[in-house]
Amino acid sequence: MYERNITHIERHVKKQNHWRLCTLNLIASENVLSDRAREVMGSDFIHRYAEGHPGERYYQGTEIIDEIESRLKKHLKSLFNCRHVDVRPISGTIANDAIFSRYIGAGDVVMVNSTPGGGHISHHRVGSVGKYTSNIVNFPLSKDGFHIDVERTCDLIRALSPRVIILGKSLFLFPEPVEELESICREKKIIMIYDGAHVLGLIAGGQFQNPLKEGAHLITASTHKTYFGSQRGIILSDVGENEWRKIDKGAFPGSSSNHHLDTLVSLAIATYEMMEFGREYARQTIANARHLGKTLYNMGFKVQAEEFGFTESHQLAVNVSEFGGGDEAARHLKDNGIILNMNLLPFEPLDKVSNPAGVRLGVQEMTRFGMKEAEMEIIASFFKKCLIEGQYVGDEVEEFRTGYQKVHYSFDGG
Ligand SMILES: *Cc1c(COP(=O)(O)O)cnc(C)c1O
């Protein structure tokens with residue numbers, strides 16, 4: 001009786017699989033799995049439960065996942081050179097909530113990046129932080145809008161005595177001032193949390209700041225943006241044993257029970273890919289972003305942060321108000337096979353979120369498909385033809401993309 005409905009879904013899944021391999025995906029929070037990381041997701045682990053820690057589970061039958069999870073944790077600690085790792089949060093937001101629930105109490109002051117300053121919804125009133133306190137204060141920004149103003153932030157910290165500050169964001173072009181804020185946080189016993197959701201793979205590859213070494217207490221992150229993994233979350237830290245024990249209950253039972261074992265085994269494979277290829281991948285990703293920024297800028301696009309070389313991450317921000325704004329430009333590009341998202345730019349009012357001046361571009365996925373500087377120039381030429389010259393480039397985009405179907409920086413075929 002439901003046969004038609006099921007085949008309808010199956011047809012749509014096939015369509016999605018095919019369509020996305022024909023497009024240029026520049027959504028900065030997405031990436032692709034290698035075949036080997038993807039294949040293990042259909043395994044029996046997709047059915048199973050494992051609550052607690054390896055060797056201390058609440059159910060029987062977990063010996064094999066215990067083995068995989070223990071090894072994964074050991075290798076993550078060596079990759080990030082840190083004392084503690086929690087691999088159980090099932091997304092970056094859940095990792096944030098696990099930590100925020102432990103450190104933020106009613107009435108506490110918390111400092112975060114504002115939405116136009118690039119901050120993530122989980123840091124804000126309507127998201128996770130807002131569940132614990134309403135005293136949320138934004139970091140003041142420097143004139144360029146893409147950096148925190150450290151001096152004014154220190155003044156605010158002295159005036160307001162926050163309990164927690166949360167660095168890291170979603171529009172994330174440059175490193176955060178972790179080192180600069182470390183001493184005031186130490187002096188005033190403020191917990192510094194670094195949300196590295198976007199940049200975890202760049203950190204793993206040693207091509208971005210190293211927040212724990214610079215003085216952050218904790219890193220929370222997603223494992224699927226610049227990192228090679230399945231969609232999950234992670235917590236990393238160097239705090240002492242007692243402090244870590246306090247945090248430990250945040251992920252389980254605080255914010256999840258089972259932690260989706262099929263995607264955990266996939267993350268384990270992705271972690272070996274990161275260990276082997278992460279450095280070169282992160283280097284190429286950042287080089288590609290900077291090259292795309294420069295090329296678009298030279299074509300006349302208002303690529304932001306030109307005075308700082310456009311970016312030090314996988315992302316770019318472009319002001320597209322002359323093309324109808326972020327919403328219209330993003331839709332128009334999508335109709336030409338180029339997928340990205342509209343984005344508020346620094347200092348824009350919040351009521352512009354549904355048609356902000358900006359778009360955000362991320363080159364991490366196209367880099368994983370093997371693209372380099374020469375390909376960035378071709379992508380820039382599609383932007384020019386499409387937005388400046390008003391041509392349809394959908395067929396050209398599709399034709400170009402057929403040359404980049406294999407996931408690089410992986411052990412596929414090996
Ligand atoms: C993407 C993102 C997250 C978490 O995203 P999930 O989809 O829950 O993994 C958290 N913080 C920031 C800054 C992000 O950009």
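For the reader, a short list of remarks on this structure follows.
- Taking θ as phi - 60° and the Karplus parameters 6.51, -1.76 and 1.60, the scalar couplings of the range 192-199 work out to 9, 9, 10, 8, x, 3, 6, 10 Hz in sequence order, x denoting glycine and proline.
- Per-pair calculated FRET efficiency, R0 = 22 Å: Y392 and R20 via Cβ, rounded to 0.05: 0.65
- Within a Gaussian network of the chain (alpha carbon springs, distance under 10 Å), most fluctuating of Y59, Y132, Y227: Y59
- Extended-chain gain in nm, criterion 0.36 nm per residue less alpha-carbon gap, I184 and R158: 8.5 nm
- Derived scalar couplings between HN and Hα for the range 357-368 equal 6, x, 10, 10, 10, x, 9, 4, 6, 5, 5, 5 Hz in order, rounded to whole Hz, by the Karplus curve 6.51 cos²θ - 1.76 cosθ + 1.60 (θ = phi - 60°), x for Gly and Pro.
- Between the amide H of M111 and those of V137, V164, I165, I166, distances stay under 5 Å, these residues lying 5 or more places away or on another chain, with hydrogens modeled in the peptide plane.
- Prolate/oblate/rounded call for the chain, Cα gyration tensor, a/c under 1.5 rounded: oblate
- If R0 is 45 Å, the Cβ-Cβ spacing of Q405 and K143 corresponds to a FRET efficiency of close to 0.55.
- Gaussian network model of the chain, Cα within-10 Å springs - most flexible of R11, R401, R186: R11
- Among 233-246, 280-293, the order from most to least packed when residues are scored by Cβ within 10 Å on average: 280-293, 233-246
- Overall form of the range 278-338 per C-alpha gyration tensor (a/c, 1.5; a/b vs b/c): oblate
- Segment E51-R38, extension gain: residue separation times 0.36 nm, minus the distance between their alpha carbons: 2.4 nm
- Bridge type composition, the range 38-270 - antiparallel percent by DSSP, nearest 5: 45
- Net length available on complete extension from Y2 to D335 is 116.6 nm, with 0.36 nm assigned per residue and the Cα-Cα distance removed.
- The residue among G145, I234, Q209 whose Cα reaches farthest toward the positive pole of the charge dipole of the range 38-270, with charges on the beta-carbon of Lys, Arg, Asp and Glu, is G145.
- Inter-label distance, nm, simple model (7 Å from Cα along the C-beta direction), R125/S381: 4.9
- Residue-by-residue Karplus 3J(HN,Hα) for the range 333-343, coefficients 6.51, -1.76, 1.60, Hz, glycine and proline x: 5, 4, 5, 10, x, 10, 10, 8, 10, 5, 8
A short reminder: the numbers here are calculations on the coordinates, not readings from a lab. Keep in mind the model is a prediction, meaning the values are calculated, not measured. Positions of Cβ are generated from backbone atoms using ideal geometry, with glycine treated the same way; all protein chains shown enter the neighbour counts.
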